[in-house]
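Chemist: Have a look at this one before I ask anything.
The values are calculated or read from the model by the stated rules, or taken from the named source; none is laboratory data. Given the structure is predicted, the values throughout are model-derived calculations rather than measurements. Because the Cβ atoms are built from the backbone with ideal geometry, glycine has one as well, and the counts that use them run over all protein chains shown.
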Amino acid sequence: MEIIVNKYKKVSDFCYELFRIAELKLYYHKFSNKMYSNFQKLFLLVYKQFRKFTYEELSTDLESNSELKAYLGFRNIPHYTTLVKFAKGLPLQLIERLILAFKRFVGEVKKVAIDATGITLDNASLHYCKRIGLSTKKRPFMKASFIVDIEKYVILLPKLRKKSRHDTIDAKPLITKFAKHYSPEIFFGDRGYDDEKIFKLVFENLGAYPLILQRRIDIDNHRRKGYYRKRFFKEFDYCQYTERSKIETVNSMIKRRFGSTTKTRIDKTQKVEILLRIVAFNIDRLLRTGTQVILIFIKIIRVSQ
């Protein structure tokens, strides 16, 4: 059997298995024209993130890439407006299922961390903003909160918010949802997550040790508020806490690899683009860290079908 060599063929095979695990429907409706399957269109959106293309650039690239086009089973390349329409109607819950499907490849996690970063919502240069009178100090952004496996550098669960809010507001529902799928041993967080309710959620719901740096470490423990804050302040391991910085590395990696700005202007498609960027980032990480055996197995499944 010929082993897949082309990188994006590997990405295609990985997506095929990921979509199968997430139980993605082949078509949304029984009366669909069935020209292009959901798998094909969703893969093109992921491929778009890998190549940092606009929709028009994506269509142009595929027209000249006959080998990939044949591998994906395309007779004709979909018009870029077809992909725009598909992205607008794509449920965010479906993409979240895709991200949760990475659990099959990641396996059990031991050390996770939570942090937030901003994704800029425009591509305007600093000079252009000054010329047209836009603010250059605070640009419009999407706040993305991530829970990350800091051993494999994979994003396990995200939460997006358009407006500025305190980190703890997004962290509480994120941890609650995360507890339904994973059971880590240690949960890292910086001072922004120093909240009694978060300590309680991590310890009771998640069943992990909350290694969260607290504010005012110079005061005596008896002056602190909250049972769990007092308890874990006594047991805080500063040496192990330094591992939390690995999530900052993940924030830097995803921005350097896939860009720190979005190319769309509608709120819904901006969220779709960022979530699919996370899917592309995780696939890229797992391919780089050695999943050749998995890819050969997926290849066998595709051929047998």
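Chemist: Kindly indicate whether Asp195 is surrounded by 18 or more Cβ atoms within 10 Å (Cβ to Cβ), more than 13 Å from Val112 (Cα to Cα), modelled with pLDDT under 95 and in contact with a strand residue (DSSP E or B) (Cβ under 7 Å, 6 or more places away or on another chain). Steps first, please.
Modeler: Values: surrounded by 18 or more Cβ atoms within 10 Å (Cβ to Cβ): yes; more than 13 Å from Val112 (Cα to Cα): yes; modelled with pLDDT under 95: yes; in contact with a strand residue (DSSP E or B) (Cβ under 7 Å, 6 or more places away or on another chain): no.
Considered against the rule, which asks whether it is surrounded by 18 or more Cβ atoms within 10 Å (Cβ to Cβ), more than 13 Å from Val112 (Cα to Cα), modelled with pLDDT under 95 and in contact with a strand residue (DSSP E or B) (Cβ under 7 Å, 6 or more places away or on another chain), Asp195 comes out as no.
Chemist: Another question, if that's okay. Taking the residues in region 106-115 that are hydrophobic (A, V, I, L, M, F, W, C) and surrounded by 21 or more Cβ atoms within 10 Å (Cβ to Cβ) as candidates, determine which candidate is farthest from Leu134 (Cα to Cα).
Modeler: Going through the qualifying residues, I end up with Val109.
Chemist: Which one of Lys69, Lys30, Lys48, Lys34 is at pLDDT below 90 and closer than 13 Å to Tyr8 by Cβ?
Modeler: Exactly one residue qualifies, and that residue is Lys69.
Chemist: Select, from Glu23, Glu17, the only residue that is outside the structural domain of Lys180 (by TED's automatic domain parsing), surrounded by 13 or more Cβ atoms within 10 Å (Cβ to Cβ) and either out of contact with any Leu (no Cβ under 6 Å at 6 or more places or on another chain) or at pLDDT below 85 (or both). Walk me through how you get there before you give the answer.
Modeler: Numbers: Glu23 fails: surrounded by 13 or more Cβ atoms within 10 Å (Cβ to Cβ).
Glu17 is the lone residue from the list that is outside the structural domain of Lys180 (by TED's automatic domain parsing), surrounded by 13 or more Cβ atoms within 10 Å (Cβ to Cβ) and either out of contact with any Leu (no Cβ under 6 Å at 6 or more places or on another chain) or at pLDDT below 85 (or both).
Chemist: Of all residues in region 265-290, count the ones that are under 15 Å from Leu44 (Cβ atoms) and among the β-branched types (Val, Ile, Thr).
Modeler: Going through region 265-290 one residue at a time, the tally reaches 4.
Chemist: Okay, next question. Consider only pairs whose beta carbons are under 6 Å apart and that are at least six residues apart or on different chains; among these, list those whose first residue lies in region 87-100 and is over 17 Å from Gln40 (Cα atoms) and whose second residue is small (Gly, Ala, Ser) and not in a helix (DSSP H, G or I).
Modeler: Arg97/Ala22
Chemist: Separate question: As an exercise: evaluate Thr269 against (1) at pLDDT 90 or above; (2) under 20 Å from Arg161 (Cβ atoms); (3) not in a helix (DSSP H, G or I) and give the number of the one condition it does not meet.
Modeler: Looking at each condition in turn, Thr269 falls short on (3).
Results for (1) assigned by TED's automatic domain parsing to the domain that holds Ile169; (2) under 19 Å from the mean Cα position of the chain (by Cα); (3) outside any helix (DSSP H, G or I), shown as yes or no for each residue.
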| position | (1), (2), (3) |
| --- | --- |
| Phe53 | no, yes, yes |
| Glu57 | no, no, no |
| Glu96 | no, yes, no |
| Ile99 | no, yes, no |
| Ser145 | yes, yes, yes |
| Lys152 | yes, yes, yes |
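Chemist: Next question. Among (1) under 17 Å from Lys180 (Cβ atoms); (2) in the same structural domain as Ile212 (by TED's automatic domain parsing), there is one condition Lys103 misses while meeting the rest; what is its number?
Modeler: (2) is the only condition that Lys103 fails.
Chemist: Next question. Taking Arg288 as meeting all but one of (1) within 30 Å of Gln49 (Cα to Cα); (2) surrounded by 13 or more Cβ atoms within 10 Å (Cβ to Cβ), write down the number of the exception.
Modeler: So Arg288 meets the others, but not (2).
Chemist: Of these, Ser59, Ser32, which one is surrounded by 12 or more Cβ atoms within 10 Å (Cβ to Cβ) and touching a His at 6+ places or on another chain (Cβ under 8 Å)?
Modeler: From the options Ser59, Ser32, the qualifying one is Ser59.
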